[in-house]
1. Condition check: within 21 Å of Arg405 (Cβ to Cβ) and at pLDDT below 80. Does Leu587 satisfy that?
2. Could you figure out which of (1) in a helix (DSSP H, G or I); (2) within 17 Å of the chain's Cα centre (by Cα); (3) touching a residue at least 12 places away in the same chain (Cβ under 8 Å) isn't true of Ile153?
3. If Leu537 satisfies every condition in (1) assigned by TED's automatic domain parsing to the domain that holds Thr398; (2) within 32 Å of the chain's Cα centre (by Cα) but one, which is the exception?
4. Give the residues of segment 127-157 that are in contact with a helix residue (DSSP H, G or I) (Cβ under 9 Å, 6 or more places away or on another chain) and small (Gly, Ala, Ser), sorted by residue number.
5. On the given criteria, is Ile148 modelled with pLDDT of 80 or more, outside any loop (DSSP other than H, G, I, E, B) and under 21 Å from Glu344 (Cβ atoms)?
6. So which residues in segment 541-554 are charged (D, E, K, R) and either outside any loop (DSSP other than H, G, I, E, B) or touching a helix residue (DSSP H, G or I) at 6+ places or on another chain (Cβ under 6 Å) (or both)?
7. Taking the criterion of being outside any loop (DSSP other than H, G, I, E, B) and on the phi > 0 side of the Ramachandran plot, would at least one residue in segment 444-460 satisfy it?
8. Can you name the strands (runs of 3 or more DSSP E) wholly within segment 357-409 that have at least 1 residues being β-branched (Val, Ile, Thr) and at pLDDT 90 or above?
Amino acid sequence: MSDPVVEDGTPGVPEREVPALPAWRVIFSMLRFRPWFWFVDLLCVSLIRVCWQVAPALIIKAFFDMLTGDAKPTLGIWSIVAFSSAVWLGRVAASYGFYYADVPIFADLSTLLRKNLLLHILRRPGASALPDSPGEAVSRFRNDVNEIPLFVILINDIFVGFIIIAVSIALMARISSTVTLLALAPILVVGFIANAATSRIELYRRASRRATGKVTGFIGEFFGAVQAVKVAAAEKGVMDRFRALNAERMKLSLRERLFDDILGSLYRNTSTLSTGLILVLASSSMRTGAFTIGDFSFFVYLLQSMGDLTTFAGMLVARYKQLDVSVQRMYRLMENAPLGALVEHSPVDLAGPLPEVSYPEKLEPDRLLSLAASGLCFRYPGSANGIQDVCLRIERGTLTVVTGRMGSGKTTLLRVLLGLLPRESGELYWNGEPVGDPGLFFVPPRCAYTSQVPRLFSDSLRNNILLGLDRDDDAIRRAAGLAVMERDLELLEEGLETRVGAKGVKLSGGQVQRAAAARMLVRDAELLVVDDISSALDVDTELLLWERIFAREGRTSLVVSHRRQALERADRIIVMKDGRVAADSGLAGGSLEDLLRTSEEMVELWREEDVGARRKPS
């Protein structure tokens, strides 16, 4: 086991490990994904090893035996020329074979791993944070994934390399068994060094990758908050922090690289020293006539090749230890996924056309008549906050408003209802039928959702509204009109093609919220779920927004809001307090007036909204 580390890579608190497949099983599964290309690579490695290591040794031996006459020549001069030409052709053929096999192995295996990682990240409840920073996730998608296809190819080199070593030992043993036995020393030394270095290899790899993830995450956060940094005049502090993170990454990466280079140097020098001792013995044997010049040249070439192979074997052992770290990091990103999820085989076609994105058409079972929730419970890990035993019922064509103080559980209720947070208990019913997985069920055309802080991407306004949906400009403009955005489209220089910048930085807060509303409305869903979208809108705009949304008969909405415009229009009001339903207008007579007579919490919320409205500038 490696030493425990904290985030800066120093000994300390261990990183929490998650269940993961051992690295060898991941490699074997990836090998089976593209067995034909792996087999071609194996043939090419065999060919190139023979052409680079065994065949030249035989040619050199035959040449010097013929030149010196110390031994009966095995090949004539033209045979040597023909053999050398065949070796050259073999190298060329192997090079083309590597291009044919290795490019698909790298591309297809990397794509499959990234596809599986992304698939299970997207299956997480939408409001659940990743176990580590976004920078860490990018590092795993980029660096850790690439380690696996590389190792799939490298195992061919080591497999063929051991065969070459065995053949070389057999050929040398026919000449001198004593000298040959000494050739095995580098293998033993390299094996001992590799095992002794295991814990350091794992420790330095974890620390280096974690530091890289910090830098990547910082860059992403910085570009998403440029405006805030400029407003606070914090450019110098941000750059100082960036330099500090980079310096830490450089130190840890340099330490990992230096350790790898030291190991490589030890491997190479150990092999060179052993080769020198063997050559001394061979030289003394030549004086007795036991060795010819051809035998000597044969040993020199093969021993150098064996030294390279044993060095490569030692480095591969070290790389395997690092691969274990990479696999563990990827499984941590896929938190709670099945063990086989990372290596699950599925179609990967990088040569064909891109798959078409299809959106389900609205069918009769998708039509909302009623939505009921019973006994919904959720607690945030390590906290007493959440919701407890929440029940509600929504009828078609009604506006249900959830209100309450900050921290009362309003947003949590919406997220649990939609499957963005995993409910601990409770039941959901759509038209009386139980909903098994709300995260997969409450999507268009059944449901469309706008969060409290809408997320826009650095793209055109059109693409931010559609997000891949196939709708024409008329449909987009109708949705924008419902979201009270028609005037904005006229004022924006490029209309729907306007680039909104990272997180919609080029738009005002109200424009961002109305663009998110247009995104929701263009999907024509049966149920609209809105989390306080009007917080950045003025009173008149908000009033017009609700009027337009409910101009169509049968529109059904579940809204979190404290604004009077929404509360006065609501068919049902649910008041949350400390994660529970403190009052429900459906149980208090049905109207806002009834709720204000029976609920002290509602009276206080109404008074606070009245005071807040008076303080706002006209």
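1. In short, yes.
2. Evaluating Ile153 over (1) in a helix (DSSP H, G or I); (2) within 17 Å of the chain's Cα centre (by Cα); (3) touching a residue at least 12 places away in the same chain (Cβ under 8 Å) leaves (2) as the failure.
3. So the condition that Leu537 fails would be (2).
4. Of everything in segment 127-157, those that are in contact with a helix residue (DSSP H, G or I) (Cβ under 9 Å, 6 or more places away or on another chain) and small (Gly, Ala, Ser) turn out to be Ala127, Ser133, Gly135, Ala137, Ser139.
5. Yes; evaluated as a whole, the condition is true for this residue.
6. Of everything in segment 541-554, those that are charged (D, E, K, R) and either outside any loop (DSSP other than H, G, I, E, B) or touching a helix residue (DSSP H, G or I) at 6+ places or on another chain (Cβ under 6 Å) (or both) turn out to be Glu542, Glu547, Arg548.
7. no
8. Qualifying strands (runs of 3 or more DSSP E): 386-395, 399-404.
The values are calculated or read from the model by the stated rules, or taken from the named source; none is laboratory data. Computed from a prediction, not measured in an experiment: that's the story for all the values here. Counting neighbours? That spans all protein chains shown, and the Cβs are built from the backbone with ideal geometry, glycine included.
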